[in-house]
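Questions regarding the structure given below will be posed in turn.
The values are calculated or read from the model by the stated rules, or taken from the named source; none is laboratory data. None of these values were measured; they are calculated from a predicted model. Note: ideal-geometry Cβ built from the backbone for every residue, glycine included; neighbour counts use all protein chains shown.
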Amino acid sequence: MIKLTLVLYLFFSAKIFAIDISVLDEQYPGFHDFEATCFSPIRMYLRTLLSRSVIVGHHTTAYNLELKGINSESIIDFRVAIDRSIERNKIVENVNYYFGNGHAFNYIVTRIGDNLSPIPDIELMSFQFSTSDKLKSYSLRIPEFGVDFHRDIGEFLEESYFIFSAINMKIFINTSVANNEVSRNYTFSYRKLNKSQMNLNVLVVESADFWPMIDYVHFLPDVGMIDPKKFYELLGDLNNIFVKSGAEFLDIMHNNGFPKII
Amino acid sequence: MNVLSSIYVLFILCNSNIRAENIPLPSSVLDIEDLVSEFRSVFASKLVDLGKNYISQMSDKHIVYKSSENLMCNGIQTRAGMPVSSLKYHFSNSAPNELVEKAIYTGCNDLVSLVEEVVTKGESVIPLNFNDFIRGKRTIDLKENETSRLYRILNGENEEIFKIMIEKSERLKSANFYFVGEKFLTITYEYTPTSSSAYFMVHSYAAKYNRKRSSWRSINNSPPVSFSVHVTRDRIDQVSYLDGERKQLSLSNFLNLFDNKILGPVIYPIRGIMNYHNYYFPNTETTNTGAASQRLLEELRINQNRLINNIELNIVKTYIQNLINSVESGKIIDNRPKDQ
């Protein structure tokens, strides 16, 4: 019984030191961080738009809204329609904004995973959808903008990409776990980047000691090992691409008929 | 049957946190963790930045940081590839149910910046994990399985800067705080099934700490002062703040007393000392990679927008209160220079 107790104790306490993808969470941005950066302006805009509008007509998942100007002298009518396709482990939610001036804006959220439930209408309309780790796959497409953000989550591999055709942005982030190692690779290209493509890799290795130590090794594939300072500077550059693309989203939305309200 | 009973015992052990918890004190009242974090966070964020700025080399609980280029380190030219800082961790079980830990933080030119010594007693006490160690993360208050902790911060010459001794019994927990050997504060927590109380006793003390070209002095000649906070469970928890003569205080009076007797005279000078000892380490830069503060940034933008548009002001009010609670509980750490 003592042996069994010891074995079970070791089993439970081993979890304290087991390495997994979360070892990167605090200092190495992943899909969720970049998506949040990129969509911060659009979320803020849509929240404001919806909170300043009143619903004047409602039919299941289609809403007719009125936005009053700041001085109430002008009224803009628009309509938001949501189409949902719900299968056993997959939900596709398609949101369309239509403005009286003929402009439209459409985005599609696709989620694959167990025990999924639809995103509430108001959250979906204001771009508030979470990319929970329970999902096996998540994607967001905005066809008019050429935007395709995608994330596949497996037990030992996580692959994601961000494509924004309007500014030639292509970013791939792959994270893999094997034995006592976690590796994350960032590959990115962007029209304002000096090089055609940039590659960054961080390898996290846990030693097999009684008190496991974790080594973070940073690589620039065409250079080799680099110091963390350089790595974080380049990661900062990558983050700036998302900051800029977030601002570009808003510009494109305004050009597509969304009123300037902020 | 034996197998089943041992699994049952383990199940109970693993789920021991399910049992009823103490009634929480108001978040605006700083607890042990918050008080220590007020100055220790200065040092912890330096450790995080060292890992982001310099190449690490590891061997047996010893991490050495090296620079890839020549640099001025604490006023002395240091060649590329030479160590600019190192962290050493040691732990042992000197007695059953007792864990002794020592961490040595060394800066430029092999000068020891700070040393931490910790003695923890309790059931199944475990050492820090590596990631917490290199990021300066450490729980100071007692965990469920721990009965006492002695935590000390010393300088390279073995002079004690700060010490806290925490002990607990079934319904009581006490923490004695010392600044350069002078006891300045005792906090006693008392828990019953229907109430929680914290008693603060500020002692008389005369603390001096001298270093080359800098000195700190904190003296309190007044007789000991006490004040307390009490929460009684009801349909809505009843909170009361009392002074030493058991006269009721407003929250604002209570916080002013806390600022004037504890934070201002002692905790902030200790933070100044931590800042001084950070100069033993090489310069570090902080880069925004988007990983850490993104959520906060987005929330701030959304709330700024609410203010600009004069909408959902009650949500902004609640949000600011939540931010205050997060700063007070050490969940948000302010790394801005003092002049901003």
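For the stretch B:108-137, enumerate the residues that are free of Cβ contacts under 8 Å to residues at least 60 places away in the same chain, within 30 Å of B:VAL64 (Cβ to Cβ) and not hydrophobic (A, V, I, L, M, F, W, C).
B:ASN109, B:ASP110, B:GLU116, B:GLU117, B:THR120, B:PRO127, B:ASN129, B:ASN131, B:ASP132
While we're looking at this one, here's another question. Considering each of A:SER137, A:SER183, A:SER176 in turn, give the residue that is part of a strand (DSSP E or B), closer than 30 Å to A:ALA62 by Cα and of a type in the set (Ser, Thr, Tyr).
A:SER137
Scan the stretch A:106-124 and tell me whether some residue there is assigned to a helix (DSSP H, G or I) and not acidic (Asp, Glu).
yes
Test A:TYR216 against the criterion of being at pLDDT 90 or above, within 13 Å of chain B (Cβ to nearest Cβ) and under 25 Å from A:ILE167 (Cα atoms), and give yes or no.
For A:TYR216, the condition - at pLDDT 90 or above, within 13 Å of chain B (Cβ to nearest Cβ) and under 25 Å from A:ILE167 (Cα atoms) - is not met.
Assess whether B:VAL225 counts as being in contact with a strand residue (DSSP E or B) (Cβ under 7 Å, 6 or more places away or on another chain) and under 20 Å from B:GLU38 (Cα atoms).
no
Just name the residue that is nearest to B:ASN129 (Cα to Cα) out of those in the stretch A:199-213 that are in a strand (DSSP E or B) and either more than 14 Å from chain B (Cβ to nearest Cβ) or more than 25 Å from the chain's Cα centre (by Cα) (or both).
The residue in question is A:GLU206.
Which of the residues belonging to the stretch A:47-97 are assigned to a strand (DSSP E or B), touching a Gly at 6+ places or on another chain (Cβ under 9 Å), loosely packed, with under 15 Cβ neighbours inside 10 Å and at pLDDT 90 or above?
A:LYS90
Related question: It is to be established whether one or more residues within the stretch A:157-177 are under 22 Å from B:ILE63 (Cα atoms), modelled with pLDDT of 90 or more and hydroxyl-bearing (Ser, Thr, Tyr).
no
Could you list, in sequence order, all residues of the stretch B:281-307 that are within 21 Å of A:PHE127 (Cα to Cα) and at pLDDT 70 or above?
B:LEU296, B:LEU297, B:GLU299, B:LEU300, B:ARG301, B:ILE302, B:ASN303, B:GLN304, B:ASN305, B:ARG306, B:LEU307, listed by residue number.
From the list A:ASN174, A:ASN185, A:ASN179, pick out the single residue that is among the polar types (S, T, N, Q) and on the phi > 0 side of the Ramachandran plot.
A:ASN179
Considering each of B:LEU142, B:LEU128, B:LEU99 in turn, give the residue that is of a type outside the set (Lys, Arg) and touching a Ser or Thr at 6+ places or on another chain (Cβ under 6 Å).
B:LEU99
So which residues in the stretch A:233-262 are facing chain B (nearest Cβ under 7 Å) and in contact (Cβ under 8 Å) with a residue 12 or more places away in the chain, if there are any at all?
Correct list: A:LEU235, A:ASN239, A:PHE242, A:ILE262.
Please identify the pairs in which a residue from the stretch B:305-320 that is within 12 Å of another protein chain (Cβ to nearest Cβ) has its Cβ atom under 6 Å from the Cβ atom of a residue that is part of a helix (DSSP H, G or I) and at pLDDT below 75, counting only partners at least 6 apart or on another chain.
B:GLU312/B:ARG306
Same structure again: Which of the residues belonging to the stretch A:126-149 are closer than 17 Å to A:PRO29 by Cβ and not acidic (Asp, Glu)?
A:SER130, A:THR131, A:TYR138, A:PHE149
Would you check if B:THR232 is over 30 Å from B:GLU159 (Cα atoms), among the β-branched types (Val, Ile, Thr), under 24 Å from the mean Cα position of the chain (by Cα) and surrounded by fewer than 16 Cβ atoms within 10 Å (Cβ to Cβ)?
Judged against the criteria, B:THR232 is not a match.
Which condition does A:PHE188 not pass, out of (1) farther than 30 Å from A:ASN106 by Cβ; (2) free of Cβ contacts under 8 Å to residues at least 60 places away in the same chain, if it passes all the others?
Here A:PHE188 clears every test but (1).
For B:ASN158, indicate whether it is of a type in the set (S, T, N, Q), surrounded by fewer than 17 Cβ atoms within 10 Å (Cβ to Cβ) and either under 20 Å from the mean Cα position of the chain (by Cα) or under 23 Å from B:TYR280 (Cβ atoms) (or both).
yes
Looking at the stretch A:79-96, which of its residues are without any contact (Cβ under 8 Å) to a residue 24 or more places away in the chain and of a type outside the set (D, E, K, R)?
Listed by number, the residues that qualify are A:ALA81, A:SER85, A:VAL92, A:ASN94, A:ASN96.
Quick check: is even one residue across the stretch A:221-230 in a strand (DSSP E or B) and either more than 10 Å from chain B (Cβ to nearest Cβ) or more than 23 Å from B:TYR54 (Cβ to Cβ) (or both)?
Yes, because at least one residue in the stretch A:221-230 is in a strand (DSSP E or B) and either more than 10 Å from chain B (Cβ to nearest Cβ) or more than 23 Å from B:TYR54 (Cβ to Cβ) (or both).
Which of the strands (runs of 3 or more DSSP E) contained wholly in the stretch B:209-302 include at least 2 residues that are within 27 Å of B:VAL316 (Cα to Cα) and either away from chain A (no Cβ under 14 Å) or in contact (Cβ under 8 Å) with a residue 24 or more places away in the chain (or both)?
Those strands (runs of 3 or more DSSP E) span B:238-243.
Evaluate the stretch A:28-46: report whether one residue or more is in a loop (DSSP other than H, G, I, E, B), in contact with a Lys or Arg (Cβ under 8 Å, 6 or more places away or on another chain) and more than 9 Å from chain B (Cβ to nearest Cβ).
no
Please report, ordered by residue number, the strands (runs of 3 or more DSSP E) entirely within the stretch B:23-142 with at least 1 residues that are within 14 Å of chain A (Cβ to nearest Cβ), surrounded by 15 or more Cβ atoms within 10 Å (Cβ to Cβ) and not hydrophobic (A, V, I, L, M, F, W, C).
It comes to B:55-59, B:62-66, B:83-95, B:98-106.
I've got another one for you. Within the stretch B:313-333, can you find the residues that are modelled with pLDDT of 70 or more and of a type outside the set (S, T, N, Q)?
B:LEU313, B:ILE315, B:VAL316, B:LYS317, B:TYR319, B:ILE320, B:LEU323, B:ILE324, B:VAL327, B:ILE332
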